[in-house]
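Every read-out reported here was derived from the displayed coordinates using simple, explicitly stated rules and does not represent laboratory data. Because the structure is predicted, anything quoted here is derived from the model rather than measured. Cβ placement follows ideal geometry from the backbone for every residue including glycine, while neighbour counts extend to all protein chains displayed.
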Amino acid sequence: MAIDVDTLQQVQPEAAPEAPRRTGRAVAIASRIGWGFLAFGLFVGSLQIMKAGAEALIPALSGSVFTDNAWSTLGLGWLGACIVLSGSPMAASSIALLDGGAISRSQAFTMLTGSRLGASFVVLAVGFIYALRRKSGRRAPLSIGILSLTMTVIAYVPGALLGFVLLRSGSLDAVTLAAPPGLLSVTDTLFGWMADLARNLVPGWGLFPAGLGVLLVAFKLFDRVLPDLSGDSLGGRRTGWFSRPWAMFGCGCAVAFMTLSVSVALTLLVPLVAKGYLKREHTLPYIAGANITTLADTLVLAMLTGNPEATRVVLASTLGVTVWTIFLLAFVFPTVRKVAMGIARSTVSSRPRLALFIGVLLTVPLTLVLV
């Protein structure tokens, strides 16, 4: 039987690339699953290490300047988020300290609130670095950091007050959200050895910072698994929905939920505004939405502790901020936009005003710690 060599040469080059592509996709999927499992393991392990560290720190923290009252823990969460450029580790720390008995429910709530207030500081830092790379239009990236911080304060301070009243009233005492006991036993079996290893290698006072370090590594690994959302991909199409508050609110909720980080979700705004894809005033509903769903990872962490008080703290904060944010967008958004834009314009108009803004941002939480 004669073989048509020309026909084989025509068919093989077309069919050959398909197999490597399929193999590459399979390897990529397997890699994401592997990184995801490792990230989850470190996430759970860090919680157990931090809980053990919180128990060891109780004598030192009780009555100290950092935890002697709810104002101190508010400042601790706020200042800590500014220092580590992320709110999630401090939010997780509030849950771990509560579960370990180092702080009360009210103190955990205010520390969680503080972590949200300081989380947007990274946007200002990124905006500053981005502005240094530009010869013109430097105010736009800087203003996004100021708008993020301002909108967060507008949404979280009254919203946290509502949540605090809800928590103290006992309205959530019947809520017992927790991970299934089977899941807790499996996670303890698979990852409980991390806390035992840490106890053997690290002194008691070092367990909590060690667990915090493991948590930061877990968040970095989650970044490898979660969707890669870049400024160019989000802003590549100019559509009218950017100017619709509720659409931008939903977009902010979705992006923060997918990335599990308000820092990432809000930092994306810097290049989008700097390149002209978005107007600054259109970002405010997005910022408001991102500040709500960013608590998703903290709620999961609270459920994994099996401590119902931890989930009530997160739920109270989420409900209070959500109700207040919806009220702002539905009834007084033009006023909110005017105030926030006014603060941003005034702050970036001169270097002394920008320095004053940053100084106040860092001085307020430090003062709260010392109260």
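By the beta-carbon count within 10 Å of each Cβ, the least crowded to most crowded order of MET111, MET248, MET341, fewest first, is MET341, MET248, MET111.
Distance between the pseudo-spin-label points of ASP196 and LEU38 (7 Å out from Cα toward the beta carbon): 2.3 nm.
Counting lysine pairs in segment 30-370 whose alpha carbons fall under 22 angstrom apart, excluding pairs fewer than 8 residues apart on the same chain, gives 4. Diffusion coefficient (Stokes-Einstein, Kirkwood radius over C-alpha pairs, 10 °C, 1.306 mPa s) for segment 30-370: 78 µm²/s, rounded to a whole number.
Panel order for SER94, SER346, by other beta carbons found within 10 Å of each beta carbon, from fewest to most: SER346, SER94.
Entry note, segment 262-349: relative contact order of 25 percent, from Cα contacts under 8 Å with a spacing of 6+ residues.
Multiplying the residue separation of THR363 and TRP246 by 0.36 nm and removing their Cα-Cα distance gives an extension gain of 38.7 nm. Candidates SER115, GLY213, GLY127 compared by Cα position along the dipole of segment 30-370: farthest toward the positive end lies GLY127, with charges placed on Cβ.
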